[in-house]
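Take a look at the structure set out below.
Bear in mind these aren't lab numbers, they're just calculated from the coordinates by the rules spelled out. Predicted model only: the values in this text are computed from it and were never measured. Cβ atoms come from the backbone with ideal geometry, glycine included; neighbour counts cover every protein chain shown.
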Amino acid sequence: MPAFPRTFISTSQLSAELLQATIQLALNGKSDNWKRYRHALEDRVAALLFFNPSLRTRSSFQSGIARLGGSSVVLDPGSETWQIEFQDGKVMDEDKPEHIREVCKTLAGYFDLVCVRCFPQLKSWEQDKRDSIISAFEQHLKVPLISMESSLWHPCQALADAVTLHELFGGRPQGKNMVLSWAKHVKPIPMAVSNSVALMAAQLGMNLRLACPEGFELGGEVLSQVSAAAEQSGGTFSVMHSQPEAIKGADVVYVKSWTPPALVGKPSEERRRWDDLPAWMIDEKLMARSANAYFMDCLPERRNLIVTDGVIDSTRSVVEQQAANRMHAQNALMLRMLGVA
Amino acid sequence: MPAFPRTFISTSQLSAELLQATIQLALNGKSDNWKRYRHALEDRVAALLFFNPSLRTRSSFQSGIARLGGSSVVLDPGSETWQIEFQDGKVMDEDKPEHIREVCKTLAGYFDLVCVRCFPQLKSWEQDKRDSIISAFEQHLKVPLISMESSLWHPCQALADAVTLHELFGGRPQGKNMVLSWAKHVKPIPMAVSNSVALMAAQLGMNLRLACPEGFELGGEVLSQVSAAAEQSGGTFSVMHSQPEAIKGADVVYVKSWTPPALVGKPSEERRRWDDLPAWMIDEKLMARSANAYFMDCLPERRNLIVTDGVIDSTRSVVEQQAANRMHAQNALMLRMLGVA
Amino acid sequence: MPAFPRTFISTSQLSAELLQATIQLALNGKSDNWKRYRHALEDRVAALLFFNPSLRTRSSFQSGIARLGGSSVVLDPGSETWQIEFQDGKVMDEDKPEHIREVCKTLAGYFDLVCVRCFPQLKSWEQDKRDSIISAFEQHLKVPLISMESSLWHPCQALADAVTLHELFGGRPQGKNMVLSWAKHVKPIPMAVSNSVALMAAQLGMNLRLACPEGFELGGEVLSQVSAAAEQSGGTFSVMHSQPEAIKGADVVYVKSWTPPALVGKPSEERRRWDDLPAWMIDEKLMARSANAYFMDCLPERRNLIVTDGVIDSTRSVVEQQAANRMHAQNALMLRMLGVA
């Protein structure tokens, strides 16, 4: 098997073979709650850097690392007291006392693995699309790096969802119909989860329909990546502007809000666009049009705004399984990246 | 022995037999600093959720879990960035992005035990007496739950104090005279510690005197619970409105401020009531009326406001022993709840 | 070998023999990444108390303790919610709910080691020079205590730098020429690192030149301590007011800003003094006057204000090695203090 990459920023870095092997390791580990790997990371310490807050990601990484015998240290550079300068060549006479170069040198001395969460600022698409924080870590850090969600991608969510899809469809998600449906929200929302989930569905060879209003499509380069991945895996990919049409015959309905590139940094225009639209929320009536679809959602979720209580609490909802698989997928990922399994 | 309950919200959940067994395990563990149980929680990870800050509780849980070979993850939903919706059926279009139902589903996937601290808001007794946060966790969480102090109870403090009382009185606190004395404070204070300490003294069969000014009694249902527990254990319970009279002949004096139900949410009225009262503070003169009583206090303590330096620093003060026993009592509790001992 | 002191507040507490033994243990541990000591602290739990923020110190202590099999708990009394009263005899009716005496009693019950970081307030030299927070812990705490930087000293940085100097000079830093150079900054900066680094260089028998403008010398008592240490170790110590002269022939150039005693609490006077001075920054031209000196810096560092990109990125810069040695030095220190090695 080819070596695992030293960084994990997007699932596009994983060949079909590596992806399959990682999913399989996650399922194996889950089956005995990682007993066989209880001491696998005994000598390893990971840093978890959160530029943004987290429940699921922090809990699943910390618990998962502990279950493998390793240790984790949470660092919070997002607090006001520890600002990092990312620009090269700058005279650092303002409020940021430390440069990313020294941050990376320092972390490499103490940690075997660094995980970073850095959301987009949602002020400018030109800026967000550069994904500059995770890229700076990728450039300067000498030890393995995992993205816990950056401006553009949330690869660990996608990997966990791949594990769930394997469980739901007896190891064969390819050829199944999956809808990734946009939803109206109350505030601007990053594209990272949607980008990664769409790409993963395509990598798994599913028939993916992206359901969103006109003008709310994901970024052009993402659409190209998803198309290319579908072509390679034998899946299909289409964009549909009618939610009811898209859901017809679906085996999986995944809901997620996002702000499209053209509306990043324009919250009042985004709100006007929402006001002009009909309802975009997953309810029982829409789900009835599907092929008894599973309901997926990465959480956190705003009930009765994005999805009704009836759908998220139904027996076809697998949100709990998705959340649990975050830990299992990440454990498999860490074991592979660190060469332990 | 009957099975241990899956949740620990109040010591009322413990039969005399379970209480006795837990105290005994705490004393055994303390005797060799938990060496015999060094790997007992090796496969377990606990979440510690703090809606409110903590020194003793966080330190004692984290250190205690580590000494048993387990791991703990501290989560702080009280920070502004992660608000939980507790109301069912709500359209979640405001500032709370996640529902307690999903929080509990998520936590159950990563943790073997969840511990929650959630103080009352002290704005409305009608609201505080519902103890709604800990109740929501009790309702929705599928894994063991320990309260690290809720609106109404602080069961871990009471359990630790039971261990201390056993140590002080050679394993036989029953029949000893204990005074739980109110004290003047500078701000409104929850009833949780006082409720749990009073109930525990009654459960242990002590002769409990609640010393407080008229109108400052604990809530009516608590008084009934305490009376019933005293009756069952062979102890006695009385409320006395004179501090000097109450302390006469006491074997233990425990001091704690609290805001009574009738004054919750009325801080200016509470202050006026304080101003009309004589001094209510534990000093050497009062202690001299006791039967050479031990001085107890759950800490933190405001010196020379609630108790004089002379009393808290005296040889009869056992506050350090009480604090240390928090860890030992909680370790015993966790081992029993998780079925490891 | 004499016993290690129970507290570590300044490297002055270490005899030449203990210092040498600790450096050697750090180098041994580093050589196999502490494999031989993997379970040395298995039964130990340390509290890390931060009155001020930290990246390197927190990361290196937490990672280092984990690598020795121990556990650490981070406590943040600096947040607004948990204020400590340090004054004795006070009526505690204001905003500080707990006295340092009870804090120390409590911590001793849960932890085998307490590490404290407490910066000076830089408002009054009379106050800062008392180093009152670390002194209060020293007075009241019954378990081992390590300073993670106090008002006057940063002994762990100095110990780490001693390890680095041993590595750079094949175990024989004595007799080498070291310049500790002041630099212009944009805000008042504590003296702790400079004090400890100067003292350490003297303890190691180096020829130390303190380079700073007139009136920017370190505190008088520190200068006396450094002189005395140099005399005892066979080193030399001088203060020079010309940066170019001081650097001539240097084997090591260490840069650090500080606010001298006479300017503490007087930021506008300090700024006026800066404006009157020529440039004080380490650049390639200055370094060219040295004997191909190593460049040292404790980090964090403001590039192009204190040191140019060209110098900190050069092959003679050892800042990464210095940062990594924080962990190794501290691990050796903890093993010695706790009597494990």
Within 10 Å of each Cβ in B:219-227, how many Cβ atoms from other chains are there, averaged over the peptide? 0
Partner lysines whose C-alpha sits under 22 Å from that of C:Lys96, ignoring same-chain residues fewer than 8 away, are B:Lys184, B:Lys187, B:Lys256, C:Lys105, C:Lys123
Value at 222 nm in deg cm²/dmol, rounded to 500, when DSSP H runs of n ≥ 4 in chain C each add -39,500 (n - 2.57): -12000 deg cm²/dmol
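Applying a 10 Å radius around every beta-carbon, put C:295-303, B:149-157, B:109-117, C:229-237 in order of their mean neighbour count, most first.
B:149-157, B:109-117, C:295-303, C:229-237
Which number comes out as Rg/Rh for the stretch B:133-211 once both Rg and the Kirkwood Rh are worked out on C-alpha atoms? Intermediate results must be reported in sequence, preceding the final value.
Details: Rg = 14.7 Å, Rh = 14.0 Å.
Dividing the radius of gyration by the Kirkwood radius yields 1.05.
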What are the aspartates and glutamates whose alpha-carbon lies under 15 Å from the alpha-carbon of A:Lys266, with same-chain residues fewer than 8 places away excluded? A:Glu126, A:Asp128, A:Asp275
Where the centroid of each part is defined by its Cα atoms, how far is the stretch B:148-221 from the stretch C:237-270 in Å? 60 Å
Can you give me the long-range amide H partners of B:Glu98? Hydrogens built in the peptide plane at 1.01 Å from N, cutoff under 5 Å, separation of 5 or more residues or another chain. B:Glu85
As I understand it, the dipole of the stretch C:157-319 uses +1 on the Cβ of Lys and Arg and -1 on the Cβ of Asp and Glu, about the Cα centre. Which of C:Val252, C:Gly220, C:Ala230 lies farthest toward its positive end? C:Val252
For the stretch C:79-143, the Kirkwood Rh over every pair of distinct alpha carbons, in Å, works out to 13.0 Å
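Could you work out the mean projected area of the convex hull around the alpha carbons of the stretch A:194-339, in square nanometres to one decimal?
For the stretch A:194-339, averaging the hull's shadow over all directions gives 10.0 nm².
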Hey, got the average number of other protein chain Cβ atoms within 10 angstrom for residues in A:56-63? 6
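What's the extension gain from A:His241 to A:Lys266 if we count 0.36 nm per residue and subtract their Cα-Cα distance? Let's see the in-between values first.
Numbers: separation 25, 0.36 × 25 = 9.00 nm, distance 2.19 nm.
The span from A:His241 to A:Lys266 would gain 6.8 nm if fully extended.
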Could you compute the net charge surrounding B:Val163? Neighbours are other residues with a C-beta less than 11 Å from the C-beta of B:Val163; K and R count +1, D and E count -1. 0
Around B:Arg316, with a cut-off of 11 angstrom between Cβ atoms, what is the net charge of the other residues, counting Lys and Arg +1 and Asp and Glu -1? -3
Amide hydrogen neighbours beyond the local backbone of B:Ser150, cut-off 5 Å, H modeled: B:Cys118
Given Cβ charges of +1 for Lys and Arg and -1 for Asp and Glu, the option among C:Ala47, C:Val319, A:Gly170 whose Cα lies farthest towards the positive end of the dipole of the protein assembly as shown is A:Gly170
Taking K and R as +1 and D and E as -1, what net charge do the other residues with C-beta under 10 Å from the C-beta of C:Ala246 add up to? +2
Which of the residue pairs A:Lys176/A:Lys285; B:Lys35/C:Lys142; A:Lys30/B:Lys90 have a Cα-Cα distance greater than 24 Å in the structure shown? A:Lys30/B:Lys90
Span from the the stretch A:73-130 Cα centroid across to the the stretch B:110-138 one, whole angstrom: 37 Å
For the protein assembly as shown, go through all pairs of different Cα atoms, get the mean of 1/r, take its inverse, and jot down that Kirkwood value in Å. 31.1 Å
Taking Rh as the Kirkwood radius, which is the inverse of the mean 1/r over Cα pairs, what is the Rg/Rh value for chain C? 0.96
Using +1 at the C-beta of Lys and Arg and -1 at the C-beta of Asp and Glu, which of A:His99, A:Leu68, A:Gln87 has the Cα lying farthest in the positive direction of the dipole of the stretch A:57-116? A:Leu68
Got a sec? Which residues in the stretch C:231-262 would a label at C:Gln20 touch, if it sits 7 Å along Cα→Cβ and we count backbone N under 18 Å? C:231-236
Calculate the dipole size of the stretch A:100-217 relative to its Cα centre from +1 charges on Lys and Arg beta carbons and -1 charges on Asp and Glu beta carbons; express the result in debye to the nearest 20. 60 debye
With bins of 5 Å, the percent of all Cα-Cα pairs of the stretch B:126-173 per bin from 0 is 5, 19, 20, 16, 13, 11, 9, 7, 0
Got the B:Pro244 label distances to the other copies yet, label 7 Å along Cα→Cβ, in nm, shortest first? 8.4, 8.4
Return the average number of partner chain Cβ atoms within 10 angstrom of each residue Cβ along peptide C:255-261. 0
State, to one decimal in nm and shortest first, how far the label point of B:Ser268 sits from each corresponding label point in the other identical copies (label point: 7 angstrom along Cα-to-Cβ). 4.1, 4.1
Assigning unit charges at the beta carbon (Lys, Arg +1; Asp, Glu -1) and nothing else, what dipole magnitude in debye, to the nearest 20, does the protein assembly as shown show about its Cα centre? 1800 debye
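Can you classify the stretch B:25-108 as rounded, prolate or oblate using the Cα gyration tensor, where a ≥ b ≥ c are the square roots of its eigenvalues, rounded means a/c under 1.5, and otherwise it's prolate if a/b beats b/c and oblate if not?
Cα axes put the stretch B:25-108 in the prolate bin.
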Ranked highest first by average number of other Cβ atoms within 10 Å, how do B:183-192, C:160-169, A:215-224 line up? C:160-169, B:183-192, A:215-224
So if I place +1 on the C-beta of Lys and Arg and -1 on the C-beta of Asp and Glu, and nothing else carries charge, what would the dipole magnitude of the stretch A:157-322 be about its Cα centre? I want it in debye, nearest 20. 120 debye
So for the pair B:Glu126, A:Thr315, with labels modelled 7 Å out along Cα→Cβ, what separation do we get in nm? 4.1 nm
Inter-copy label distances at B:Arg6, 7 Å along the Cα→beta-carbon direction, one decimal in nm, shortest first? 4.8, 4.8
